[in-house]
Amino acid sequence: MTEYIVLSAILFTIGCVGVLTRRNAIVVFMCIELMLNACNLALVTFAKQHGNLDGQIAAFFVMVVAAAEVVIGLAIIMTIFRTRRSASVDDASLLKY
Amino acid sequence: MTFWILAPIMVAAALGILFVRKAVHAAMLLAIVMLSLAVLYAVLDAPFLFAVQIIVYTGAILMLFLFVLMLVGVDASDSVVETIKGQRALATILGLALGAVLVTALSQVTLGTAVGLDEANAGGNIEQLANILFSRYVFAFEATSALLITAAIGAMVLAHRERLTPKETQASLAAQRMRDYAETGKHPGPLPAPGVYARHNAVDTPALLPDGSAAESSVSRVLVARGVIRSGPAMADDIDEVRRQLGQDPSEMPETSGKSGAPASTEEDVK
Amino acid sequence: MTLDAILLASSEAASEIPVVHPVAAEGVFTWLWLIIALPLAGAAVLLLGGAVAKGALDKVGHWIGTASAAGSFVLSLILFIALLGRGEEERQIGQHLFTWFQVGGLDVGMDLLYDPLSALFLLLITGVGSLIHVYSIGYMEHDDRRRRFFGYLNLFVAAMLVLVLGANYLVVFLGWEGVGLASYLLIGFWQHKHSAAAAAKKAFVINRVGDIGLSLAIALMFTTFGTTDFAAISEQASGASQATLNALGLLLLLGACGKSAQVPLQAWLLDAMEGPTPVSALIHAATMVTAGVYLVVRSNFIYELTPVAQTVVVIVATVTLLWGAILGCAKDDIKKALAGSTMSQIGYMMLAAGLGVAGYPFAIFHLLTHGFFKANMFLGAGSVMHGMNDDVDMRHYGGLRNYMPVTFLTFAMGYLAIIGFPGFSGFFSKDKIIETALAENWIIGLCALLGAGITGFYMTRLMLMTFFGDTSRWDKDAHPHESPHVMTVPLIVLAALSVLGGVLLLGDFVVEFLAPVTGVAEHHEPPLPAIVITLMVVAVVAIGVAAAWFLVGKREIPRVAPTEVSFATRAARADLYGDAINEGVVVAPGRALVSGLTSFDRVGVDGVVEGGSLGVGAVSGALRRVQNGFVRSYALSLLGGALLVVLALLAVNLA
């Protein structure tokens, strides 16, 4: 089962780097989803490893929360895009020193 | 076996997300990863999550992404120039370090023989999940329902735009039209259709007015901008010329003259 | 007057130190408060009334002031006679006017105490005070602020009366500060002169040092005895620890030193001569400067229990009497020469007061006679200045005896009294002090004897330079003339008192009269028969006079003081470097300390505070660059932190 966990870690890391390097807010969001999915994979793997369904329940809750988060996040992105005509996360950088 | 087929695909697709320039492509690659994950869930004895992953994640969430991408502009692509100094290099170094550390650490862990979910899934995975969800996790479940409602309301609030002017009615639009005609002489009626009273009824040929002149406003502005407008009389001369070259009598009317020939449809030829 | 009765009373008090036990005032003694109230009312009318009726008060103000002082004198005289008519036991009369303030356990009443000591002081203050008021009418005639001057004089008299009538130390302190204030106002009366304003400030500041001693002593009394009443403290004093008593004695002495210009707080007295001459006569010769002596004698119930403090009193007094005498020899300013003499004479009084029971009566006796003859001489000096266009330099005088006969004759009476010419008042008082000192300690006695000789020298020098010789040293426009009667009459009265003051010693009147206050001394046999000591004193004084005659009278006196003089003369002219000592010991280190502290505050404290804030500002100025507004940048630091956490977990787990 270790290979699943390693795959999960790799996907998580790729998601991380994506969040840090991509500038399109929607792609950044996709990378976050990728990280969440990687976590889900680990949870499901551990569920099988331990013969216990709690991991699957946790993954399910992650999906629910991710759905809610995507709804709000995309709405925010839309609002920003509507006023600033830009979906770049670097453009929303007025709140600084 | 399934894993070893899917894992390289998933990693490649995930890496693709990092490098493709168009957001739509990233979404497609993400779809590959998610679908592959769904398969892996099935392999890992989680049929419910397999379905949910496809229906909720790939079907709903990813479609939501695509909707938003459409609203924002499908062809908007990222610039490849990094604006924050050192961000990309540092992100790469730290990402690689994190990946290396995680992989190294995990590969040193011996998990032992998997217990397997056969026992836990006895009587059906979905039934067992429901058992747990509505007993031990019932409060969390209720909390997520509240969360989802909050999210729905939040999305509505964020997407809602306050109307600042009264909604225009048909009557007010008609009144405006007549006012414009009185003040600026703008034609109150519908624009003339192209091709009316013309030698051709093609959309790129303006209508002829009763006095024989062409009505410029009868053709689409898009075509005007592209410069592919043809005048009816000029077209007739062209056909006569072609016929003469073919050795035919230019006065004989052809059966199929509605189509504009490719070489004849360029503006250069008109001149 | 039975000695046995006193001894009996003393033995009943469990100690030989008499206890203050006033009886309630009745009959004529209920007027006691009026003695203070009269000059106080005079001061109030003169100082506050100017706003209402300036013109009228300017015309009659001096008469109001004089009348209030004279009224007090008449009352004092009546009370004194009434006191003489009482028995020995009833000669301490207390009067409670009102409760001054009440704080916790401390209940301070505005209480007055009239006993033989106060009685003598009352007569001196109001008597000499009234004469000086009269004299001032003439002396201040041409000053357009005469009304204010009399107001201040009345204020001073009132405060001085409070001082000597107070029945507890706080009331005494009230008077003590009151005379300090009046002294400040009067020294600086001609404040348009820079020197006068500076002298007033100097006197005030140095007096503060002494006043701190007195106020600390009062605080110590309160913590020790829980009260400041003379009566209560005199009963409980023997129960206090020796250290407390020593501290009390020394603190009271510090207060006395400040007010009485004793070494080391002597520096202000000579400068105080910047004030008008009647002020010098009243405040800085006859009354206020003797308040220190009064304080020591009044606190006899403390000093009798603390030999340490008594010894210090004697030492301070001896140093001062020689110090003042030396100053008197070198000064050419007639008032400063007299001021040096005053210092020296107060030194004699202090010496007597420090000698204990045997000395107290003679301290008071010398205080009275000195009050007469020194006031007389100061007023005489004022008269001379009045005739010589306010010139105070004795080198510009000479041969004035023919031009100012009354002044000369009265001054001569004072002169003979102060040098101790047999038969004059000073002879009796000073002779007794030297005799007592010799009986106690022969070194101190010899110093006192030497002081008497120097007194003879400098007073003779003053007489010779002022009234004898020729008139060649005068200023060109000097037209000396005798002063008006309003000035000469007080001189004559004071001269008479200077001559006759010795009668107080007839039949040991002073000693027995003061016995209820000071106690009765065991009789010490002096090392030599009394008559031999008297002859010695007369001989030493004669040597001093003769020396002055040969050194001053027989020589030509230069009009400008020679600068090529011996070190001793220079030192004496510079007040024996008293100001330099103050400057070096107190002012310079104080200034250095203050400037050090201010620079420490500026550099150290402010530097730490401001440097700290600057440092924090600089660091945060650099750190705020981290908050650049880019979400991805923040996420990067998150990733770094997560990596650190993972590494730390691994390090812990793998270790």
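The values are calculated or read from the model by the stated rules, or taken from the named source; none is laboratory data. In this text the structure is predicted, and so the values were computed from the model without any measurement. We place every Cβ from the backbone using ideal geometry, glycine too, and count neighbours over all the protein chains shown. Side chains included, ligands, DNA and RNA excluded: accessible areas come from the protein's heavy atoms. Shrake-Rupley method; radii C 1.70, N 1.55, O 1.52, S 1.80 Å.
Structural descriptor for chain A: relative contact order 29 percent, calculated from alpha carbon pairs under 8 angstrom and at least 6 residues apart. In plain terms, the chain from B:PHE67 to B:LEU209 could stretch by 46.6 nm, reckoned as 0.36 nm per residue minus the Cα-Cα distance.
Each residue, C:VAL605 and C:ASP475, gets one label point 7 Å from its Cα in the Cβ direction; the gap between the two is 5.2 nm. Comparing the full protein assembly with the isolated chain (1.4 Å probe, heavy atoms, ligands and nucleic acids excluded), the residues of the range B:1-37 losing at least 40 square angstrom of accessible area are B:PHE3, B:VAL11, B:ALA14, B:ILE17, B:LEU18, B:LEU30, B:LEU37. Averaged over residues, the count of other Cβ atoms within 10 Å places the peptides C:70-77, C:287-294 in the sequence C:287-294, C:70-77, highest first. In this structure the amide hydrogen of C:GLY166, modeled in the peptide plane, comes within under 5 Å of the amide hydrogens of C:LEU113, none closer than 5 places in sequence on its chain.
Using θ = phi - 60° and the Karplus form 6.51 cos²θ - 1.76 cosθ + 1.60, what ³J(HN,Hα) does each residue of the range C:533-550 get, whole Hz, x for Gly and Pro? Values per residue, Gly and Pro as x: 4, 4, 4, 4, 4, 4, 5, 4, 4, 4, 4, x, 4, 5, 4, 4, 4, 6 Hz. Think of it as helices only: each DSSP H run of n ≥ 4 in the protein assembly as shown is worth -39500 (n - 2.57), and spread over all residues that comes to -21500 deg cm²/dmol at 222 nm.
Per residue of peptide C:616-627, the mean number of Cβ atoms on other chains within 10 Å of the residue Cβ is 1. Legend: mean number of C-beta atoms from other chains within 10 angstrom of residue C-beta atoms, peptide B:104-117, equals 5. Each of the peptides C:110-118, C:465-473 was scored by the mean count of other Cβ atoms within 10 Å over its residues; in descending order, highest first, they stand as C:110-118, C:465-473. Cα centroid separation, the range C:137-192 to the range C:294-345: 23 Å.
3J(HN,Hα) couplings calculated from phi for the range C:245-257 with the Karplus curve 6.51 cos²θ - 1.76 cosθ + 1.60 (θ = phi - 60°) are, in sequence order, 5, 4, 4, 4, x, 5, 5, 4, 5, 4, x, 5, 4 Hz; Gly and Pro show x. Per residue, the range C:437-497 exposes 41 Å² of solvent-accessible protein surface, assessed with a 1.4 angstrom probe and all protein chains in place.
When the surface is traced with a 1.4 Å probe over the full set of protein chains, C:TYR634 keeps roughly 80 Å² accessible. Solvent-accessible surface (1.4 Å probe) assigned to B:ARG244 amounts to roughly 130 Å². Of the cross-linked pairs C:LYS202/C:LYS554; C:LYS259/C:LYS430; B:LYS22/B:LYS85; C:LYS259/C:LYS331, those separated by over 27 Å at the C-alpha level are C:LYS202/C:LYS554. Electrostatic tally near C:VAL289: other residues with Cβ closer than 10 Å to its Cβ, Lys and Arg +1, Asp and Glu -1, net +2. Summed over the residues of the range B:1-74 and divided among them, the accessible surface reaches 43 Å² per residue at a probe radius of 1.4 Å.
The packing ranking, built from the mean of other Cβ atoms within 10 Å per residue, places the peptides B:99-110, C:319-330 in the order C:319-330, B:99-110, highest first. Relative intensity of chain C on a log10 scale, I(q)/I(0) at q = 0.08, 0.09, 0.10 Å⁻¹, equals -0.59, -0.73, -0.89, per a Debye sum over C-alpha point scatterers of equal strength in the absence of solvent. Accessible area of B:ILE153 (1.4 Å probe, protein heavy atoms only, ligands and nucleic acids ignored): about 90 Å².
Close amide-amide hydrogen proximity is noted between C:TRP100 and C:VAL108, C:GLY109, C:MET110, each under 5 Å apart and 5 or more residues distant or on a separate chain (H modeled in the peptide plane; Pro and chain starts excluded). Other protein chain C-beta atoms within 10 Å of residue C-beta, averaged over C:529-538: 0. What the Cα atoms of the range C:97-251 give is an Rg and a Dmax of 18.2, 58 Å.
Within the accessible area of the range A:2-84, the carbon and sulfur atoms contribute 75%, probe 1.4 Å, all protein chains present. Computed from protein heavy atoms with a 1.4 Å probe, the total accessible area buried between A and B is close to 6600 Å².
Ordered by 1.4 Å accessible area with all protein chains kept, C:ARG461, C:ARG570 run largest first as C:ARG570, C:ARG461. Residues whose amide H falls under 5 Å from that of C:GLY94, counting only those 5 or more places apart or on a different chain, are C:VAL23, C:ALA24, C:ALA25, C:TYR114, with hydrogens built in the peptide plane. Can you give the longest run of chain C that contains no GluC sites (Glu not before Pro) sitting in a DSSP loop with at most 15 other Cβ atoms inside 10 Å? No qualifying site falls inside C:142-521, the longest such stretch. On association of chains A and C, roughly 1100 Å² of accessible area becomes buried (total for both chains; probe 1.4 Å).
Every Cα-Cα pair in the protein assembly as shown was counted, and those over 43 Å apart are 61% of them.
According to the Kirkwood relation over distinct C-alpha pairs, the hydrodynamic radius of the range A:1-67 is 12.2 Å.
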